[in-house]
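Undergrad: Dumping the structure here so I can ask a few things about it.
The values are calculated or read from the model by the stated rules, or taken from the named source; none is laboratory data. Computed from a predicted structure; not experimentally measured. Using ideal geometry, Cβ is built from the backbone for each residue, glycine included, and neighbour counts are taken over all protein chains shown. These accessible areas exclude ligands, DNA and RNA; they are computed on the full protein's heavy atoms, side chains included. Shrake-Rupley method; radii C 1.70, N 1.55, O 1.52, S 1.80 Å.
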Amino acid sequence: MPKQFDIRLRVFQEEPAFGKGVAELMELIELKGSLSAAYKEMGMAASKAWKILKRAEADLGFSLVESVSGGKTGGYSKLTEEGKEFLKRYQMFRKEMDQAAKESFLKYFGNQDAT
């Protein structure tokens, strides 16, 4: 019998653009105050980080991240208020879906080692 399962959870308007990767990037931006520090920690290229953020923003219809370029005081990135709220809702949704999926997996496969 299977011991594990995996579910890809994405939310979107038209194109599946917001999922675990964008959420993790946003969490790190919030934590570090820097898009650069966030994508570096994830081992992601700058171009990919910008691409996935912009794709998600285009699909959702609002900005997720606000960035200010360097200068004397240095630059920063932070989540917009809409971005914070959206991330929070996604995290709660994901937590509920993960729990429901685990319960369903256990129901059909009866494995206590499910991830």
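Undergrad: So if I take the centroid of the Cα atoms in the stretch 6-21 and the same for the stretch 45-85, what is the distance between those two points in Å?
TA: 18 Å
Undergrad: If the only charges are +1 at each Lys and Arg Cβ and -1 at each Asp and Glu Cβ, what is the size of the charge dipole of the stretch 14-115 around the Cα centre, to the nearest 20 debye? Don't jump to the answer; show the numbers that get you there.
TA: Details: 16 positive and 16 negative charges, 65 e Å.
The dipole of the stretch 14-115 has a size of about 300 debye.
Undergrad: How big is the accessible area of Arg10 in square angstrom, nearest 10, if you roll a 1.4 angstrom probe over the protein chains?
TA: Roll a 1.4 Å probe over it and Arg10 shows about 100 Å².
Undergrad: Tell me, what is the percent relative contact order of the chain, built from C-alpha pairs under 8 Å that lie six or more residues apart?
TA: 28 percent
Undergrad: Going by amide H atoms built from the backbone, whose H comes under 5 Å of the H on Phe18, apart from near neighbours?
TA: Val11
Undergrad: Can you give me the accessible area per residue for the stretch 6-115, using a 1.4 Å probe, in Å²? If you can, show how the numbers build up before the last one.
TA: Numbers: 7240 Å² over 110 residues.
Here the residues of the stretch 6-115 average 66 Å² of exposed surface.
Undergrad: Still on this structure, please answer the following. Given the -39500 (n - 2.57) contribution per DSSP H run of 4+ residues, what per-residue ellipticity at 222 nm results for the chain, rounded to the nearest 500 deg cm²/dmol?
TA: Numbers: 4 runs with 64 residues, N = 115.
It lands at -18500 deg cm²/dmol.
Undergrad: Determine how many Å³ per residue the convex hull of the Cα atoms of the stretch 60-112 encloses. Intermediate results must be reported in sequence, preceding the final value.
TA: Details: hull volume 6.1 nm³, N = 53.
Per-residue hull volume (Cα only) is 115 Å³.
Undergrad: Take the chain, compute every pairwise Cα distance, and split them into 5 Å bins from 0; I just need the percent in each bin.
TA: Calculated P(r), rounded to whole percents: 2, 11, 19, 19, 16, 12, 9, 7, 3, 1, 1, 0.
Undergrad: Another question, then. Give the cross-link partners of Lys78 among the lysines, using a straight C-alpha distance below 20 Å as the criterion and excluding same-chain residues fewer than 8 apart.
TA: Lys20, Lys32, Lys40, Lys48, Lys51, Lys54, Lys88
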